Amino acid sequence: MSKLAAKILTKSGIPPTVEFVTKPKTLPELLNVQRLNAYKMTVMPTHWFDKGFDDCYYEVHRVKYKRYLGEPTHGKAWGILTWKGKQVNDQPRKIQGGLKFNWKPYESPHAQGIYYDAEKAPLVERRRSNMLKAYSDAKKQEA
């Protein structure tokens, strides 16, 4: 049982009896835990969080599950993308990478008391520029 499922069960008054599993979840697995509350749930891929994209997330509007070995671990989801605090599209679009990436519920870093750190910003920018430079160098060598 995931920590998210245990949190939902304890809110509903049911004590969780299964140990926590730390396995990363795909998008359909994450939304299946909140099957009744998946509408308007905000989610983000974990690699966005790791790269420091704080105000980037999807607001899920529709989910269609496919059963795989009896469990709804596969499926499609549609939602509205918010990128750096600005809503990108008005109508829900298919969320790409639902099975490819690991996902987590979005929690605003400002609600958690985490704010922009001016000292770490140059390090993050330097890492991004080094990654872009390495990518462009690799493209030049291929050509």
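The values are calculated or read from the model by the stated rules, or taken from the named source; none is laboratory data. Just so it is clear, the structure is predicted and the values come from calculations on it, not from any experiment. Positions of Cβ are backbone-derived with ideal geometry, glycine not excepted, and every protein chain shown enters the neighbour counts. Calculation scope for accessible area: heavy atoms of the full protein, side chains included, ligands and nucleic acids excluded. Shrake-Rupley method; radii C 1.70, N 1.55, O 1.52, S 1.80 Å.
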- Failed condition for LYS66, given (1) open to solvent by less than 30 Å² (accessible area, probe 1.4 Å); (2) modelled with pLDDT of 75 or more; (3) farther than 30 Å from ARG127 by Cα: (1)
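Results for (1) at pLDDT 85 or above; (2) closer than 29 Å to ARG127 by Cβ, shown as yes or no for each residue.
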| residue | (1), (2) |
| --- | --- |
| VAL18 | no, no |
| LEU27 | yes, yes |
| LEU36 | no, no |
| GLY75 | yes, no |
| ALA111 | no, yes |
- Query: Any idea which residue in region 28-63 is nearest to SER12 (Cα to Cα), counting only those that are open to solvent by 30 Å² or more (accessible area, probe 1.4 Å) and β-branched (Val, Ile, Thr)?
  - Reply: VAL33
